[in-house]
Each structure stands twice: as structure tokens, then as C-alpha cells.
1. Of everything in the range 93-115 that's touching an Asp or Glu at 6+ places or on another chain (Cβ under 9 Å) and not hydroxyl-bearing (Ser, Thr, Tyr), which residue is farthest from residue 62 (Cα to Cα)?
2. Looking at 85, 38, 6 in this structure, which one is at pLDDT 95 or above, more than 23 Å from residue 140 (Cα to Cα) and outside any loop (DSSP other than H, G, I, E, B)?
3. Take residue 46 and tell me if it is surrounded by fewer than 14 Cβ atoms within 10 Å (Cβ to Cβ), at pLDDT 95 or above and in contact with a strand residue (DSSP E or B) (Cβ under 9 Å, 6 or more places away or on another chain).
4. So, in the range 65-81, of the ones that are assigned to a helix (DSSP H, G or I) and without any contact (Cβ under 8 Å) to a residue 12 or more places away in the chain, which residue ends up farthest from residue 37 (Cα to Cα)?
5. Would you tally the residues in the range 100-129 being among the aliphatic types (A, V, I, L, M), out of contact with any strand residue (DSSP E or B) (no Cβ under 8 Å at 6 or more places or on another chain) and outside any helix (DSSP H, G or I)?
6. Return yes or no: is residue 84 β-branched (Val, Ile, Thr), within 13 Å of residue 32 (Cα to Cα) and without any contact (Cβ under 8 Å) to a residue 12 or more places away in the chain?
7. For the range 88-109, indicate whether the set of residues that are loosely packed, with under 15 Cβ neighbours inside 10 Å, over 20 Å from residue 28 (Cα atoms) and under 17 Å from the mean Cα position of the chain (by Cα) is non-empty.
Amino acid sequence: MLYDCTIMKVKHIVAILALTATVSGQNIDRLVEALVRTESNGNAAAIGDRGKALGILQIHAVMVQDFNRITGKNYRHADMFDEITSREVAKGVLNFYSKHIEKTTNRKATEKELGFIWNGGGGSWRRVASPMSDTKQKNLEAYWAKVYKNLK
């Protein structure tokens with residue numbers, strides 16, 4: 001019985017560490033692959049959100065605009081059907097916001113913060129520590145739960 005209790009404690013600690021894991025370039029690659037599985041299960045032709053979300057990462061036009069602003073590139077929303085371009089956009093945006101979080105907070109971004117950004121926009125990372133008090137927060141938490149399952 002003591003053995004089972006110890007295993008449960010270890011599993012709980014591992015789960016907490018995974019939720020708060022900081023993000024490096026390698027972890028962003030891992031996160032992007034979890035986002036691909038969550039968003040489209042790898043279907044590059046996927047169209048969602050009533051035609052507003054395209055490709056394997058279900059990228060909205062505003063995300064493409066953000067990426068273009070960050071990098072000086074000139075991708076179009078329709079370019080998100082290309083798997084390589086979609087991954088480039090995701091990694092570029094997530095790297096940018098990861099650096100922003102690090103500058104703002106003096107610590108590395110967590111995967112959860114970047115997952116919130118992917119689903120809710122650039123400022124959504126601030127909601128990670130918020131209580132589940134509104135619909136947006138609940139939606140972000142539900143989205144993160146799906147992504148987290150795909151990180152394993």
C-alpha cells in the first residue's frame with residue numbers, strides 16, 4: 001500500500017513538472033507536433049472554423065499576419081496548406097512569444113503558456129495562472145488538456 005502511494009506521488013510530481021516544463025527550441029518542435037495532432041491529426045488539407053482555419057495546424061489569417069510582421073516574410077493564408085510552411089509559421093510565432101515571455105518575466109516560457117497563445121492569441125499566456133472564471137479561460141484549459149495528451 002505504501003508502495004502504491006509513493007508511485008502515485010511520483011506520478012503527480014511528474015505531471016506537475018510536465019505542465020510547467022520550460023520551452024527550448026527542441027521543446028517547441030515537440031509542442032508543434034502535439035499541436036498538429038490536436039488540430040488536424042496531420043491532415044494538411046484540413047479546413048476548420050467555418051473556413052477560417054487552414055492546414056495541419058489550423059492557422060488563422062491573423063496568425064499568418066503576425067508571423068509576417070515578426071519575420072518580414074509575405075506568406076498568404078492559403079500557404080498554410082503546405083505542411084512545411086505551416087510548421088515554419090508555428091515555430092516562428094511560438095519562438096517569438098517564448099522570447100517575449102522570457103523578457104517579460106525573466107524565466108523561460110512553459111509549453112502550456114505557448115499552447116494558450118496558439119489557441120487564444122499573443123496575450124493568452126497570462127491566463128495560465130488565472131482561475132477558471134470565464135468561458136475563454138475554460139476553453140483555453142480544455143484546449144490545453146487535448147494538447148497535453150498529445151505531448152506524451
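1. Narrowing the range 93-115 to residues touching an Asp or Glu at 6+ places or on another chain (Cβ under 9 Å): 93, 96-98, 101, 108-109.
When the remaining residues are screened for being not hydroxyl-bearing (Ser, Thr, Tyr), the result is 93, 96, 101, 108-109.
On the way: 93: 11, 96: 15, 101: 20, 108: 25, 109: 22 Å.
Only one residue tops the list, namely 108.
2. Residue meeting the stated conditions: 85.
3. Against the criterion (surrounded by fewer than 14 Cβ atoms within 10 Å (Cβ to Cβ), at pLDDT 95 or above and in contact with a strand residue (DSSP E or B) (Cβ under 9 Å, 6 or more places away or on another chain)), residue 46 does not qualify.
4. The first filter runs over the range 65-81 and keeps only residues assigned to a helix (DSSP H, G or I), leaving 65-71, 77-81.
If we keep only those that are without any contact (Cβ under 8 Å) to a residue 12 or more places away in the chain too, we end up with 65, 68-69.
Numbers: 65: 23, 68: 24, 69: 27 Å.
Top of the filtered list is 69.
5. Going through the range 100-129 one residue at a time, the tally reaches 1.
6. So residue 84 passes the test.
7. no
Each row is one residue, and each column tells you yes or no for (1) surrounded by fewer than 19 Cβ atoms within 10 Å (Cβ to Cβ); (2) of a type in the set (A, V, I, L, M, F, W, C).
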{"site": "50", "(1), (2)": "yes, no"}
{"site": "56", "(1), (2)": "no, yes"}
{"site": "60", "(1), (2)": "yes, no"}
{"site": "78", "(1), (2)": "yes, yes"}
{"site": "84", "(1), (2)": "yes, yes"}
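The values are calculated or read from the model by the stated rules, or taken from the named source; none is laboratory data. All of these numbers come straight from a predicted model, not from anything done at the bench. Cβ coordinates were reconstructed from backbone atoms using ideal geometry, including for glycine residues, and neighbour counts include every protein chain displayed.
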